[in-house]
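Peer 1: I am attaching a structure below and will ask some questions about it afterwards.
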Amino acid sequence: MAPKTQTYPDPIPVQLPIDPWLYDCAPQRDCAHCSHWYRKRQAALRARNVTEACQAASKVRDHDAGLHTGPVSK
């Protein structure tokens, strides 16, 4: 009798939950930088691109914290 073998990775994909904080942000009013990245975040969420949405939200949060010192970067 042959022993059972485990295949790796498991054939059933695992969906891990994403913490909503990662794509949460509050843009500053009348700020071109915040508006630009907030629109990119919204578009990424509509496209279900969580990675891009999280990156755009991070840019808005960083700018709000005073870490952004230059022009809008891509």
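The values are calculated or read from the model by the stated rules, or taken from the named source; none is laboratory data. Given the structure is predicted, the values throughout are model-derived calculations rather than measurements. Counting neighbours? That spans all protein chains shown, and the Cβs are built from the backbone with ideal geometry, glycine included. With ligands, DNA and RNA removed, areas are computed over all heavy atoms of the protein, side chains included. Shrake-Rupley method; radii C 1.70, N 1.55, O 1.52, S 1.80 Å.
Peer 1: Only one of (1) at pLDDT 95 or above; (2) in contact with a helix residue (DSSP H, G or I) (Cβ under 6 Å, 6 or more places away or on another chain) fails for Ala47. Which number is that?
Peer 2: If we test Ala47 against (1) at pLDDT 95 or above; (2) in contact with a helix residue (DSSP H, G or I) (Cβ under 6 Å, 6 or more places away or on another chain), just (2) comes out false.
Peer 1: Take the conditions open to solvent by 90 Å² or more (accessible area, probe 1.4 Å), among the charged types (D, E, K, R) and either assigned to a loop (DSSP other than H, G, I, E, B) or at pLDDT 70 or above (or both) and apply them to Asp62. Does it pass?
Peer 2: On the way: open to solvent by 90 Å² or more (accessible area, probe 1.4 Å): no; among the charged types (D, E, K, R): yes; either assigned to a loop (DSSP other than H, G, I, E, B) or at pLDDT 70 or above (or both): yes.
Against the criterion (open to solvent by 90 Å² or more (accessible area, probe 1.4 Å), among the charged types (D, E, K, R) and either assigned to a loop (DSSP other than H, G, I, E, B) or at pLDDT 70 or above (or both)), Asp62 does not qualify.
Peer 1: Out of region 27-50, which residues are outside any loop (DSSP other than H, G, I, E, B), surrounded by fewer than 15 Cβ atoms within 10 Å (Cβ to Cβ) and in contact (Cβ under 8 Å) with a residue 12 or more places away in the chain? I'd like the intermediate steps shown before the answer.
Peer 2: Just the residues of region 27-50 that are outside any loop (DSSP other than H, G, I, E, B), to begin with: 32-46, 50.
Imposing the further condition that a residue be surrounded by fewer than 15 Cβ atoms within 10 Å (Cβ to Cβ) reduces the set to 32, 39, 42-43, 46, 50.
Listed by number, the residues that qualify are Ala32, Val50.
Peer 1: Report yes if Val72 is modelled with pLDDT of 70 or more and not in a helix (DSSP H, G or I), otherwise no. Talk me through it step by step, then tell me what you get.
Peer 2: Values: modelled with pLDDT of 70 or more: no; not in a helix (DSSP H, G or I): yes.
No.
Peer 1: Could you please let me know if Ala2 is in a loop (DSSP other than H, G, I, E, B) and modelled with pLDDT of 85 or more? Working first, answer last.
Peer 2: Working: in a loop (DSSP other than H, G, I, E, B): yes; modelled with pLDDT of 85 or more: no.
For Ala2, the condition - in a loop (DSSP other than H, G, I, E, B) and modelled with pLDDT of 85 or more - is not met.
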